[in-house]
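The values are calculated or read from the model by the stated rules, or taken from the named source; none is laboratory data. In this text the structure is predicted, and so the values were computed from the model without any measurement. Methodologically, a virtual Cβ is constructed for each residue, glycine included, from the backbone with ideal geometry; neighbour enumeration extends over all protein chains shown.
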């Protein structure tokens, strides 16, 4: 009987050791990941078992500079880089909390978990909320880290499973490894200048519009869309909706008229959805809003944007090349 108890004890110890070793594998990757954008370079270490996605822009939108998935769970992540001039740090925490709450159907923004911390001298804002990804309920962890010259953002979609709590601890560890390693002022200026040259400007007595970016993405059904990112300035005395100018243009592809589309609340393209919501806001006189219009694509042929009569611009039509 004593030998039997000893044998049981040995088996139990071996089992505990196996579990401990198994848990210890849930660490960070041994390789460092480098991402670039807006003249900035950042490095960080992914959780182990996460691998880069080749077509991350098609999944998360054109603003993503990196995307990865967890090979051991139904979890995904995207990285965005924003110039510091484009983000107001003062009041960022609560303002973003309200935006996330509204986008994800929370009646009270305090139901969105929010914490502000300092990591390696950089302010970090973290949010956790429930959302959907690929038609599945997930926990989203959104981090915005303000470094010396820019802002890097991480959006993790963590599977709602038995490993959720353990996974988020590893994700938090990963965020602690983020470093801004280089800032190339000239490249940032060159990129901004190129973007300005590629912009399309037009106006009427009622508004000024600049199309500042062109991107591609897919909707919830996998249909390809093109996103016209724009700034809108209201010149009228009366407040107007930011997307009202859309009636003054036509967009065609290979001679076929393209129709406007919208993303649902369940979209994984949070940045585009936020701009879509901004497009519906009422704009006061002399105020400017950034938004987006979406159109369904019919291939990779270039687009023709035609302005209606009465719209002032350097040209009446513009050829727009779809990003690959």
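Things worth noting here:
- All of 282, 272, 322, 249 fail the test of being more than 27 Å from residue 56 (Cα to Cα) and surrounded by 14 or more Cβ atoms within 10 Å (Cβ to Cβ), apart from 249.
- Qualifying positions in segment 252-264 - surrounded by fewer than 13 Cβ atoms within 10 Å (Cβ to Cβ) and part of a loop (DSSP other than H, G, I, E, B): 254, 255, 259, 264
- Any chance residue 31 is assigned to a loop (DSSP other than H, G, I, E, B), modelled with pLDDT of 80 or more, within 25 Å of the chain's Cα centre (by Cα) and surrounded by fewer than 17 Cβ atoms within 10 Å (Cβ to Cβ): yes
- Within segment 290-324, the set of residues being in contact with a helix residue (DSSP H, G or I) (Cβ under 6 Å, 6 or more places away or on another chain) and in a strand (DSSP E or B) comprises 291, 292, 293.
- Among the residues of segment 186-236, those that are exposed (fewer than 13 other Cβ atoms within 10 Å of the Cβ) and within 21 Å of residue 61 (Cα to Cα) comprise 194, 195, 196, 221, 222, 223.
- Residue match in segment 273-287 (condition: in contact with a strand residue (DSSP E or B) (Cβ under 8 Å, 6 or more places away or on another chain) and in a strand (DSSP E or B)): yes
- Selection status of residue 300, more than 26 Å from residue 76 (Cα to Cα) and either at pLDDT below 90 or assigned by TED's automatic domain parsing to the domain that holds residue 105 (or both): yes
- Hits in segment 285-297 (condition: surrounded by 13 or more Cβ atoms within 10 Å (Cβ to Cβ) and over 24 Å from the mean Cα position of the chain (by Cα)): 287
- Total residues in segment 120-158, condition within 12 Å of the chain's Cα centre (by Cα) and within 15 Å of residue 41 (Cα to Cα): 3
- A single entry from 112, 82 fulfils the requirement of being in contact with a strand residue (DSSP E or B) (Cβ under 6 Å, 6 or more places away or on another chain) and surrounded by fewer than 19 Cβ atoms within 10 Å (Cβ to Cβ): 82.
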